[in-house]
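Take a look at the structure below.
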Amino acid sequence: MATIDSSKIQEAGDRLQRPRHVEVVVGTLQKIYILGLMLLCLAIVFVLVVKGPSRYQVGQWVCIGLGFEAVAFTYLGLRTRKPWVVSLIVFDSAYTMIPCVADQPETLARVIIARALAVLTLYQLWFFTRPDTRRFFGTNGTTVF
């Protein structure tokens, strides 16, 4: 009669549970990114209606467009589980973290937004460098961290 080792059962259960946790977090991040895209679109339309295109210089509009593009690509990469999205999120989170730490916001609303963005980027840095997450996206050995 064969006996079943409970540690092996627990280990197998953990392996099955981890991808589910990764799926939940990735789904939540997808929702955050799509909400960010919608808010960015509304903000751009609002600025164009209220202030006109002369509110910002051409270089600032280019930066806004690149930011919009990065958020859109990140959302699409998360949605389709592309391996390159892991590198994009890690790079973007590290790039976003620098101004969040160095900035001294003037108003309470800007402090709240900057701290929330800092928490999100730190979480993304941690989450997307975990082995379970990299396996979920199929980036084992293809991404240098």
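What follows draws every value from the coordinates through simple rules; no lab data is involved. In this text the structure is predicted, and so the values were computed from the model without any measurement. Quick reminder, even Gly has a Cβ in these numbers, built from the backbone with ideal geometry, and neighbours come from all protein chains shown.
Observations on the model:
- Prolate/oblate/rounded label for the stretch 19-59 (Cα gyration tensor, a/c 1.5): prolate
- Net charge of neighbours whose Cβ lies under 12 Å from the Cβ of Q30, counting Lys and Arg as +1 and Asp and Glu as -1: +2
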